[in-house]
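The values are calculated or read from the model by the stated rules, or taken from the named source; none is laboratory data. Remember, it's a predicted structure, so these values are computed and weren't measured experimentally. Note that we place each Cβ from the backbone using ideal geometry, even for glycine, and neighbour counts take in every protein chain shown.
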Amino acid sequence: MSISPNFNNKTIITPINKNIKSNSNKDYIEQMERSRNGMQLMWDDAKGNPTKEVGGAFGFVHNGKRVEIYIVVGIKKSSERLDSWSANVGQCDRKVLILSPRITTIDWATWLQIGGAQKVQGTTRVVGAHDNLSNYLTRQFNKMEYQLETNEFIM
């Protein structure tokens, strides 16, 4: 089965705190290790679970540096959250977004030029810059498909 990106879907972004003791930093490092070990990347949806369809973008925001972009390739129930996330009790009701491998990294100057927030706080959806970001990603990846079985992109 394959998934075609639809960047008109909602885009979810989450900031990764620079402090290595923060939950977001620990969880991000865990996800990057999972990816290196061939395991599935995943993250909580934003408050209110706005992600209703696969194919939209997801971004890990490193404020002032870069935004790493992934495709949402699956949506799981909140009961399928990782055990290691149990410390994040305020997010237990959030669905789990299954993510593709990273498709691109947007440098900070480009992110701001697109209209991205100067500082992202908390997992949220992109609102003000949604159209610009959608157009930016569509221009680069409009013919791409993601193969679920092989975890690969086909251009």
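Tabulated values for the structure
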quantity: Subset of the stretch 99-120 that is aliphatic (A, V, I, L, M) and over 16 Å from T138 (Cα atoms) - its residue that is farthest from the chain's Cα centre (by Cα); calculated: A109
quantity: Count of the stretch 133-149 residues which are under 16 Å from the mean Cα position of the chain (by Cα) and modelled with pLDDT under 80; calculated: 1
quantity: Single match in Q31, Q113, Q40 (criterion: within 27 Å of M155 (Cβ to Cβ), at pLDDT 95 or above and not hydrophobic (A, V, I, L, M, F, W, C)); calculated: Q113
quantity: Every pair of residues 6+ apart whose Cβ atoms lie under 7 Å, when the first sits in the stretch 111-130 and is aliphatic (A, V, I, L, M) while the second is surrounded by 14 or more Cβ atoms within 10 Å (Cβ to Cβ) and in a loop (DSSP other than H, G, I, E, B); calculated: I114/A129; V120/N63; V126/T11; A129/G115; A129/G116
quantity: Residues of the stretch 1-23 classified as polar (S, T, N, Q), under 21 Å from L82 (Cβ atoms) and over 13 Å from the mean Cα position of the chain (by Cα), total; calculated: 4
quantity: Subset of the stretch 49-85 [under 14 Å from I12 (Cα atoms) and among the hydroxyl-bearing types (S, T, Y)]; calculated: T51, Y70
